[in-house]
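The values are calculated or read from the model by the stated rules, or taken from the named source; none is laboratory data. Computed from a prediction, not measured in an experiment: that's the story for all the values here. Cβ placement follows ideal geometry from the backbone for every residue including glycine, while neighbour counts extend to all protein chains displayed.
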Amino acid sequence: MTAVPEAESLSRILGFGLRGRCPRCGRGALFDGFLTLRDRCPVCGLGLTGHDAGDGPAVFGIFLLSFGVVGLAGLVEYAYAPPLWLHVIIWTPVITALGLLMLRPLKGVTVAIQYRFRSTDEATRPGGS
């Protein structure tokens, strides 16, 4: 088990996650596709198989995106009062594009947080399960 140095800056590790880089060295690619994590960092050899982001990045992205899009849609409705079909045409591609753009960096940040605050080599999961 490789311990994370205490001097390792959380903001630095999160920056690596946002850019899709290995949270330990910052040079190796974190992903082996759009959202598939690599088994190991190709540069430093950090094992990434134990890092499971689950649905966290998607849920967080939905919350962020929904607040922003609902606010913008409300402003457009108030300012221009377009018909409902025009809202559908405007906001469907915006939501789809922004959702896809946000998902990969959010997953990278989730893996970086897991790297910083818990070990994937623990015999039991946090919470004793």
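Values computed for the structure shown
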read-out	value
Selection within region 1-26 - charged (D, E, K, R) and modelled with pLDDT of 95 or more	Arg19, Arg21
Options Gly74, Gly68, Gly54, Gly26: the member that is surrounded by fewer than 14 Cβ atoms within 10 Å (Cβ to Cβ), of a type outside the set (S, T, N, Q) and in a loop (DSSP other than H, G, I, E, B)	Gly54
Hits in region 36-48 (condition: more than 16 Å from the chain's Cα centre (by Cα) and in a loop (DSSP other than H, G, I, E, B))	Asp39, Cys41, Pro42, Val43, Cys44, Gly45, Leu46
Check on Val94, within 21 Å of Phe60 (Cβ to Cβ), surrounded by 11 or more Cβ atoms within 10 Å (Cβ to Cβ) and modelled with pLDDT of 95 or more	yes
Conditions (1) surrounded by 14 or more Cβ atoms within 10 Å (Cβ to Cβ); (2) touching a residue at least 24 places away in the same chain (Cβ under 8 Å); number of the one not met by Phe34	(1)
Unmet requirement for Thr49, which otherwise passes all of (1) in contact with a strand residue (DSSP E or B) (Cβ under 8 Å, 6 or more places away or on another chain); (2) at pLDDT 95 or above; (3) of a type in the set (Ser, Thr, Tyr)	(2)
Any hit, region 101-108, residues being within 14 Å of Leu35 (Cα to Cα), at pLDDT 95 or above and out of contact with any helix residue (DSSP H, G or I) (no Cβ under 7 Å at 6 or more places or on another chain)	yes
Number of positions in region 7-22 that are in a loop (DSSP other than H, G, I, E, B) and either under 13 Å from the mean Cα position of the chain (by Cα) or among the polar types (S, T, N, Q) (or both)	3
